[in-house]
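As structure tokens, the structure follows; a few thoughts come after it.
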Amino acid sequence: MLVANAQKVLELTDIEKLEFYRLVGEGYKAMKDGRTSTIDEVKEKLKKMREDRG
């Protein structure tokens, strides 16, 4: 369960949860390695990943 704001709770599917944790792990790993990305670079990467999936 993810709280988007104080009034709305989102129920995530198992696939969405796995994707969320994968992205968090990727971000943590990048942070440990000292890599940085701009918000626009991250948005573009996520957009490309979604397009590749279908």
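Here are the numbers for the structure shown:
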item	result
Estimated FRET transfer efficiency (Glu44, Glu11; beta-carbon r; R0 22 Å; 0.05)	0.20
Segment Glu51-Leu18, extension gain: residue separation times 0.36 nm, minus the distance between their alpha carbons	10.1 nm
Summed residue charge, Cβ within 13 Å of Leu23's Cβ, Lys/Arg positive, Asp/Glu negative	+3
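Every number here is computed from the coordinates shown, using simple stated rules; none is lab data. Since this is a predicted model, take the numbers as computed values, not measurements. Ideal geometry is used to build each Cβ from the backbone, glycine not excepted, and the neighbour counts take in all protein chains shown.
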